[in-house]
Amino acid sequence: KNRLGTNPLTTDLARTPQQRRIDALVLMAQRSASLAEAPVTSLPCLNVIIDQHTFETMLAELAGTVTDPTYSPERTCETENGAPISPRQATQLALTGHIRRVVDSHGHIIDFGRKKRLFTGALREAIMLRDHTCQHPGCTVPARQSQIDHRTPWSRGGPTSETNGQALCRFHNKHKSDQPPRAPGRAHE
């Protein structure tokens, strides 16, 4: 800027745009490394589905105090997209991350009734974990990329609850009145 003024053309510069981007990345890395404390960042989220009994049994097994002789180690747990993993893997992942429960103390997915209109927070997450994919027959759009909406519309008195919620991709949610509602539960079992 000293040599060319405040508005130089890219053709007047000695370094290419790619070289300048790399210089900027190096400068950002140097500034980040020089911080006294690492800034707070959001952590990646991996949802693992494991039932309470299996989780508690695996914790006891890892602690060397197994108390349930009927427990079967062949049982499988799964990731949010339905990939099977062993109970040991699920427990180890839970212990190295943040454990978040999306059910109430009775094991029921959270129900907001008519107090809330939109599916948000833990209720939204629970429905995405339950459904895996869009609930329209044959659709494989992941639930995480879908909309969570009421089976019985809110306008007709439908509650904002696990049993009345479903994952539908944008296309099928827009056209859901064209199809009869499906029963609650997983679409592809």
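Below, the figures for the structure above:
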| quantity | calculated |
| --- | --- |
| Residue satisfying all of: in region 132-170; of a type in the set (Ser, Thr, Tyr) and in a loop (DSSP other than H, G, I, E, B); nearest to residue 78 (Cα to Cα) among these | 140 |
| Every residue from region 125-138 that is in contact with a Leu (Cβ under 8 Å, 6 or more places away or on another chain) and either open to solvent by less than 30 Å² (accessible area, probe 1.4 Å) or over 11 Å from residue 173 (Cβ atoms) (or both) | 134, 135 |
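The values are calculated or read from the model by the stated rules, or taken from the named source; none is laboratory data. On a predicted model such as this, the values are computed, not experimentally measured, just so you know. Reconstructed Cβ throughout: ideal geometry from the backbone, glycine too, with neighbour counts over all protein chains shown. Only protein heavy atoms, including side chains, enter the accessible area calculation; ligands, DNA and RNA are left aside. Shrake-Rupley method; radii C 1.70, N 1.55, O 1.52, S 1.80 Å.
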